[in-house]
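Accompanying notes for the structure given below.
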Amino acid sequence: MEEQQQVRKILVYTDFTAVGERSVQWGVYFAEKFKMELLLLHVINENTYTYFPKNTAEDDAKEALAEYCETIKKDHGIKAEYYVEEGCTCTIINSTAERIDAYLIVLGTHGKDDLQFLSGTSAVKIIRKARIPYFVIQKNTPYPSYGNKIVLPMDVAKEMKEKTGWVTYFAKHLEQVIDIVHKKTDDGRLANNLQFCTKFFDRYELVYNRIVLGERKSIDLQAVDYASNNECKLIVITTTKEERLWHKLFGFPEAKIIANEKGIPVLCVNPKKDLYVPCI
């Protein structure tokens, strides 16, 4: 008798705000498309007491998540579980993801004015410690039904190849067109990266376009503008591989991307040696 293959899980962090609810919506969308299960996670901290009395916060949070799970199962036929723990959000999200061997983490961030909740800068610190990708949304992120294109910003970095598999998986299962955006250059490294990813996309019969953008700012920032102007579903970036002194002083460049004013969702892939690569 053959062993039944374990169904992968998508971890969704929710803080019971509007951003947390939107994260759950995206988690349900991915679970439907990828044929996976959900784990809804809440970390009890000072923010929790904004919504629940301190002396009953844990029980109240569990009850609210249980209702979420029942609704998800009833409305979408998706198996959903929940987990509540008190402590450091950064540590618990990633440790829980590793414990359940999560396929993807969905996380909502708040603006700079919401200092008590996760901002883009705070989220980057969590994301960079993970082995698996984070899908980051915001309060003004559209519903999952919005858009039919994935934007892939391309440059000369070697890590460009590491996110090709993830773009392929998402494009195939979400039935999306891939828009590869890059600057005009004669650098052979860019040509090699473009050749690698287009061959990969051809192999899986995906539809893609190449768009040359000419502005001086980073290609990731241009990708945000392009995605907003062309009603795209999401963009995919690679996080900074090594931390430098200027990152400690001025922050990581991806913080601006995931906290973009347009609310464009961002799939963040970490360039690690033990990076999980999806089975397409």
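The values are calculated or read from the model by the stated rules, or taken from the named source; none is laboratory data. All of these numbers come straight from a predicted model, not from anything done at the bench. Note: ideal-geometry Cβ built from the backbone for every residue, glycine included; neighbour counts use all protein chains shown. Each accessible area value is taken on the protein alone, full model and side chains, heavy atoms only, with ligands, DNA and RNA left out. Shrake-Rupley method; radii C 1.70, N 1.55, O 1.52, S 1.80 Å.
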- Query: Of the residues that sit in the range 1-14 and are open to solvent by 10 Å² or more (accessible area, probe 1.4 Å) and part of a loop (DSSP other than H, G, I, E, B), which one is nearest to N94 (Cα to Cα)?
  - Reply: R8
- Item | Among the candidates T17, T89, residue that is closer than 30 Å to V167 by Cα and surrounded by fewer than 19 Cβ atoms within 10 Å (Cβ to Cβ) | T17
- Message: If the requirement is being farther than 28 Å from T168 by Cα and either of a type in the set (S, T, Y) or surrounded by fewer than 20 Cβ atoms within 10 Å (Cβ to Cβ) (or both), which of these qualifies: E32, E70?
- Response: E70
- Query: For the range 24-59, what are the residues that are closer than 23 Å to I10 by Cα and β-branched (V, I, T)?
  - Reply: V24, V28, V43, I44, T48
- Message: Checking V124 against (1) under 30 Å from I92 (Cα atoms); (2) outside any helix (DSSP H, G or I), only one condition comes out false. Which one?
- Response: (2)
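Checking the conditions here, which among Y49, Y68, Y83 is part of a helix (DSSP H, G or I) and either within 15 Å of E37 (Cα to Cα) or among the aliphatic types (A, V, I, L, M) (or both)? So that I can check it myself, show each step before the final result.
Values: Y49 fails: either within 15 Å of E37 (Cα to Cα) or among the aliphatic types (A, V, I, L, M) (or both); Y83 fails: part of a helix (DSSP H, G or I).
Result of the check over Y49, Y68, Y83: Y68.
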- Message: If I filter the range 157-171 down to residues being open to solvent by 30 Å² or more (accessible area, probe 1.4 Å) and either at pLDDT 90 or above or basic (K, R) (or both), which single residue comes out as nearest to F196 (Cα to Cα)?
- Response: K161
- Does D59 fit the bill of being open to solvent by 80 Å² or more (accessible area, probe 1.4 Å) and modelled with pLDDT of 95 or more? yes
- Item | the range 200-241 - residue that is among the small types (G, A, S) and outside any helix (DSSP H, G or I) and, of those, farthest from K262 (Cα to Cα) | G214
- Restricting the search to the range 106-145, which residues are within 20 Å of K233 (Cβ to Cβ), modelled with pLDDT under 80 and open to solvent by 50 Å² or more (accessible area, probe 1.4 Å)? none
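Would the range 78-89 turn up any residue that is out of contact with any Pro (no Cβ under 7 Å at 6 or more places or on another chain), of a type in the set (G, A, S) and closer than 22 Å to V124 by Cβ? Lay out the reasoning, then the answer.
Going through the range 78-89, the residues out of contact with any Pro (no Cβ under 7 Å at 6 or more places or on another chain) turn out to be 78-89.
Retained after the next criterion (residues that are of a type in the set (G, A, S)): 80, 87.
Of the ones still in play, those that are also closer than 22 Å to V124 by Cβ are 87.
Yes, some residue in the range 78-89 is out of contact with any Pro (no Cβ under 7 Å at 6 or more places or on another chain), of a type in the set (G, A, S) and closer than 22 Å to V124 by Cβ.
Before we move on, is K256 at pLDDT 85 or above, in a helix (DSSP H, G or I) and open to solvent by 60 Å² or more (accessible area, probe 1.4 Å)?
The answer is yes for K256.
Residues in the range 175-198 that are touching a strand residue (DSSP E or B) at 6+ places or on another chain (Cβ under 8 Å) and surrounded by 13 or more Cβ atoms within 10 Å (Cβ to Cβ): how many?
So the first thing to find is which residues in the range 175-198 are touching a strand residue (DSSP E or B) at 6+ places or on another chain (Cβ under 8 Å), and the list is 176-184, 190, 193-194, 197-198.
Retained after the next criterion (residues that are surrounded by 13 or more Cβ atoms within 10 Å (Cβ to Cβ)): 176-183, 190, 193-194, 197-198.
Counting residues in the range 175-198 that are touching a strand residue (DSSP E or B) at 6+ places or on another chain (Cβ under 8 Å) and surrounded by 13 or more Cβ atoms within 10 Å (Cβ to Cβ) gives 13.
On the basis of being at pLDDT below 90, open to solvent by 90 Å² or more (accessible area, probe 1.4 Å) and not hydrophobic (A, V, I, L, M, F, W, C), does K79 make the cut? Walk me through it before giving the result.
Details: at pLDDT below 90: no; open to solvent by 90 Å² or more (accessible area, probe 1.4 Å): yes; not hydrophobic (A, V, I, L, M, F, W, C): yes.
No.
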- Task: Sort out which residues of the range 144-199 are part of a loop (DSSP other than H, G, I, E, B), hydroxyl-bearing (S, T, Y) and farther than 20 Å from K262 by Cβ, and write them in order of number.
- Result: T185
